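The values are calculated or read from the model by the stated rules, or taken from the named source; none is laboratory data. The structure displayed is predicted, hence computed values, not measured ones. Cβ atoms come from the backbone with ideal geometry, glycine included; neighbour counts cover every protein chain shown.
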Amino acid sequence: AQYENIKIDVVGAKKNVGLISLNRPKALNALCKDLFVELGKAVKDFDADDKIATIIITGNEKAFAAGADIKEMQNNTYSSNVKAGFLQEWEDISNCGKPIIAAVNGFALGGGCELAMLCDIIYAGEKAKFGQPEINIGTIPGAGGTQRLPRYVGKSKAMEIVLSGNFVDAHEAEKMGLVSKVFPVEKLLEETIKLAERIGTHSPLVVKLAKQAVNQAYETTLKSGLQYEKSSFYGTFATEDRKEGMTAFVEKRAPNFKNN
Ligand code: HXC
């Protein structure tokens, strides 16, 4: 497929990592509608491609994404938002069954921070800056910033970020649990690909179940999450890959997973 606002590539030694690079550098990768339509399609295509194990979304050194496109939404109205279902394409990202890792260098602001939080894991370069500065322009986060951020960092820090509009740097973001690891800028993508490849050594089927189970922790009560986990865990015993994994361990050899 030909894209104008993103670039896609297949990377990793086994060519099983789908890399999506946001590519509107002149606007600091501001997330206009066309970009999001393309991003949603690229994620869907990689999700459907059996050769792809893991997906990475990245930007460039200056910006992961500086937010929703302010110029594009400047003249929106309440009724135009409701009628068009403004931002509804963002849900394509959370519907992806495969793991998505955000590799964040530079600014991840507003919708950019929210896009990173829609991913399953956030790795950052040490110059990354996160924030929800919508308050500076008279609005509030609209793609999860008020809901996902508190689940990552707790109420006090989320309130501070959302109400002040201040940015947090990569190391602070790591300390508060928003980011799982920080790397030198030029090492970020390489390290992210390594993690993607590591995930790609496992059974894709079981990786998908594991992702679904962890997500329950953010979407339901502890009691029903634990129930979900238990039945999904039991369910892995109906798979060939579970049998192969345990057999390989007992036979002291590497498993050969078949995605079944
Ligand atoms: C449209 C944007 C943009 C954005 C930057 N640009 N962010 N265009 N939407 N969100 C454009 C600028 O207009 C400028 O274009 C070019 O990118 C370079 O930006 P500068 O401001 O000149 O760069 P710099 O001085 O380095 O400042 C970087 C910055 C600043 C601190 C990141 O650009 C900034 O504050 N951007 C807005 C951040 C923000 O408020 N994000 C939240 C958006 S609201 P020209 O053509 O003038 O050179 C949001 C709502 C979420 O995300 C709702 C759900 C998605």
Quiz prompt | Residue that is nearest to residue 157 (Cα to Cα) [pool: residues in the range 188-225 that are free of Cβ contacts under 8 Å to residues at least 40 places away in the same chain and either among the charged types (D, E, K, R) or in a loop (DSSP other than H, G, I, E, B) (or both)] | solution = 219
Exercise. Could you check how many residues of the range 1-38 are assigned to a strand (DSSP E or B) and within 17 Å of residue 55 (Cα to Cα)?
Key: 12
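Can you give me the number of residues within the range 128-179 that are part of a helix (DSSP H, G or I), touching a strand residue (DSSP E or B) at 6+ places or on another chain (Cβ under 7 Å) and more than 17 Å from residue 63 (Cβ to Cβ)? Give the derivation first.
So in the range 128-179, the residues part of a helix (DSSP H, G or I) come out as 133-137, 148-153, 155-164, 170-175.
Next cut, touching a strand residue (DSSP E or B) at 6+ places or on another chain (Cβ under 7 Å) only: 133, 161, 170-171, 173-174.
With the extra rule that they be more than 17 Å from residue 63 (Cβ to Cβ), the set shrinks to 161, 171, 174.
Of the residues in the range 128-179, 3 are part of a helix (DSSP H, G or I), touching a strand residue (DSSP E or B) at 6+ places or on another chain (Cβ under 7 Å) and more than 17 Å from residue 63 (Cβ to Cβ).
Counting just the residues of the range 122-137 that are in contact with a helix residue (DSSP H, G or I) (Cβ under 6 Å, 6 or more places away or on another chain) and under 12 Å from residue 64 (Cα atoms), which one comes out farthest from the ligand (Cβ to nearest atom)?
Residues of the range 122-137 in contact with a helix residue (DSSP H, G or I) (Cβ under 6 Å, 6 or more places away or on another chain): 122-128, 130, 132.
Applying the additional criterion that residues be under 12 Å from residue 64 (Cα atoms) yields 122-125, 127-128, 130.
Values: 122: 17, 123: 20, 124: 16, 125: 15, 127: 12, 128: 12, 130: 11 Å.
Per the criteria, the residue is 123.
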Quiz item: Looking at 59, 154, 106, 111, which is the one that is of a type outside the set (S, T, N, Q), within 13 Å of the ligand (Cβ to nearest atom) and at positive phi?
Solution: 106
Self-check item: Identity of the residue in the range 73-117, at pLDDT 95 or above and among the hydroxyl-bearing types (Ser, Thr, Tyr), that ends up farthest from residue 127 (Cα to Cα)
Solution: 79
Quiz item: In the range 72-87, what residues are surrounded by 10 or more Cβ atoms within 10 Å (Cβ to Cβ) and either within 11 Å of the ligand (Cβ to nearest atom) or in a loop (DSSP other than H, G, I, E, B) (or both)?
Solution: 72, 73, 76, 81, 86, 87
Practice problem: Please determine, by comparing only the residues of the range 39-56 that are touching a residue at least 60 places away in the same chain (Cβ under 8 Å) and assigned to a loop (DSSP other than H, G, I, E, B), which one is farthest from the ligand (Cβ to nearest atom). | Solution: 50
Quiz item: Is one or more of the residues making up the range 100-116 more than 18 Å from residue 28 (Cβ to Cβ) and outside any strand (DSSP E or B)?
Solution: no
